[in-house]
Amino acid sequence: MILVTGGAGFIGANFVLDWLAQSDEPVLNLDKLTYAGNLENLASLQGDTRHVFVRGDIGDTALVERLLSEHRPRAVLNFAAESHVDRSIHGPEDFIQTNIVGTFRLLEAVRAYWNGLDDEAKAAFRFLHVSTDEVYGSLKSGEPAFTELHRYEPNSPYSASKAASDHLVRAYHHTYGLPVLTTNCSNNYGPYHFPEKLIPLMIVNALGGKALPIYGDGQQIRDWLYVKDHCSAIRRVLEAGRLGEVYNVGGWNEKPNIEIVDTVCALLDELRPRTDGQSYREQITFVKDRPGHDRRYAIDAHKLERELGWKPAETFDTGIRKTVQWYLDNQAWVAGVTSGSYRQWVETHYA
Ligand code: NAD
Ligand code: DAU
């Protein structure tokens, strides 16, 4: 079996669902269920004995050691993290605890487990760390996209904490020989995306008749990848990635935020027109910029394509249409996540 951490979050849940749709190899899913973790994301797996869910913290050494020795996974995939840049600006502490201390403790527990395996199991074992393009900092217009050799220049507490975790993973390979793989991916979008992030926030606010808040001038550029393409890249790297290597994952799809929001509005105008006949674009509002806002991210995913033959299956046009349709079809899921602490966050952050 494989151990997935953070498998009740956006990407982790998509990964678990895709994995079990394609394989009978069981998944042990360790997730703390923070505000971002949601078992509703995994509701379709209810009663499926291939999925074992455990609520817990990657930093809880005793728990992780027990899970490793009881379930004997052949791989650990680390998705667990605090992931929202704005929250890291309001309060970095949780990011340090989970992304740095938590990853360190997880690595320590995995190292002890791996050392105790027989030679064959040791050689086959993998620790795959899921990371982000934000560790590379911000690109100027016209600069080439991030390769795996780009220097680390993290600019937010979130990206700094992810950068630290990447360095620890690298060090555990270099120093202890732990068989690690790291993926650094661009912005994901798709089903089960928590509506604190740009695309789901815009869909949910548009349908709720609320403002669509664009930070600054809306000309910041992100490289968007449909989440299931990220999942297929991770599966491929786990299967055939070279030990100790880093693989950048991206969609070859750079777009300014304002264009993303414009596309979301156009799709909603087509699929669920406003009753007053106006466009959802009328709800766009420019608001104060994010402090230290990175201007542009772009991923050069040639290495992954060249070495492992991976390419995204979705274009932005197909992926964003599926995504908007998914939110229209899953209003109960939206209602479930936009209550309680979520509403409090929105009130504080956009005040
Ligand atoms: P998310 O915030 O939606 O989910 C994170 C999950 O981790 C949640 O289920 C949460 O409960 C769990 N978690 C948090 N702290 C934990 C802890 N201490 N122990 C166990 N579980 C814990 O995040 P996401 O968008 O799904 O991102 C998953 C991973 O992918 C993160 O490592 C993130 O840095 C990385 N990543 C995200 C993107 C993106 O666009 N969302 C892009 C590239 C990389
Ligand atoms: O690049 C990968 C990263 O992408 C991941 O590592 C992070 O976990 C993930 O959250 C995401 O980070 P971003 O900061 O790029 O994503 P977010 O959806 O928060 O914002 C995308 C862009 O939209 C960014 O330029 C800020 C802007 N934005 C965001 C929100 C929430 C707005 O203009 N208005 C908003 O209300």
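A compact table of results
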item: Test for VAL204: is it among the β-branched types (Val, Ile, Thr), within 28 Å of PHE125 (Cα to Cα) and either within 16 Å of ligand 1 (Cβ to nearest atom) or in contact (Cβ under 8 Å) with a residue 60 or more places away in the chain (or both); result: no
item: Tabulated pairs, the stretch 93-105, first at negative phi, second more than 9 Å from ligand 1 (Cβ to nearest atom) and open to solvent by 40 Å² or more (accessible area, probe 1.4 Å), C-beta under 6 angstrom, 6+ apart or interchain; result: PHE95/PRO157; THR103/LEU168; PHE104/LEU168; ARG105/THR61
item: Any chance ARG50 is open to solvent by 40 Å² or more (accessible area, probe 1.4 Å), at pLDDT 95 or above and over 21 Å from CYS231 (Cβ atoms); result: no
item: Residue selected from the stretch 1-19 under the condition more than 16 Å from ligand 2 (Cβ to nearest atom) and open to solvent by 10 Å² or more (accessible area, probe 1.4 Å), by the criterion farthest from the chain's Cα centre (by Cα); result: MET1
item: Residue check for GLY209: closer than 23 Å to PRO291 by Cα and either within 14 Å of ligand 1 (Cβ to nearest atom) or touching a residue at least 40 places away in the same chain (Cβ under 8 Å) (or both); result: no
item: Given (1) under 24 Å from GLY241 (Cα atoms); (2) loosely packed, with under 15 Cβ neighbours inside 10 Å, index of the condition GLY292 fails; result: (1)
item: Filter result (within 12 Å of ligand 2 (Cβ to nearest atom), of a type in the set (Ser, Thr, Tyr) and not in a strand (DSSP E or B)) within the stretch 129-164; result: TYR136, SER138, SER156, TYR158, SER159, SER161
item: Test: residue in the stretch 55-66 that is among the aliphatic types (A, V, I, L, M), within 16 Å of ligand 2 (Cβ to nearest atom) and crowded, with 18+ Cβ neighbours inside 10 Å; result: no
item: Test: residue in the stretch 263-275 that is within 16 Å of ligand 2 (Cβ to nearest atom) and of a type in the set (A, V, I, L, M, F, W, C); result: yes
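The values are calculated or read from the model by the stated rules, or taken from the named source; none is laboratory data. A quick note: this is a predicted structure, and the numbers were derived from the prediction, not measured. Note that each Cβ is placed from the backbone with ideal geometry, even for glycine, and that neighbours are counted across all protein chains shown. Ligands, DNA and RNA are stripped out before the accessible areas are found, and what is left, the full protein with its side chains, is counted by its heavy atoms. Shrake-Rupley method; radii C 1.70, N 1.55, O 1.52, S 1.80 Å.
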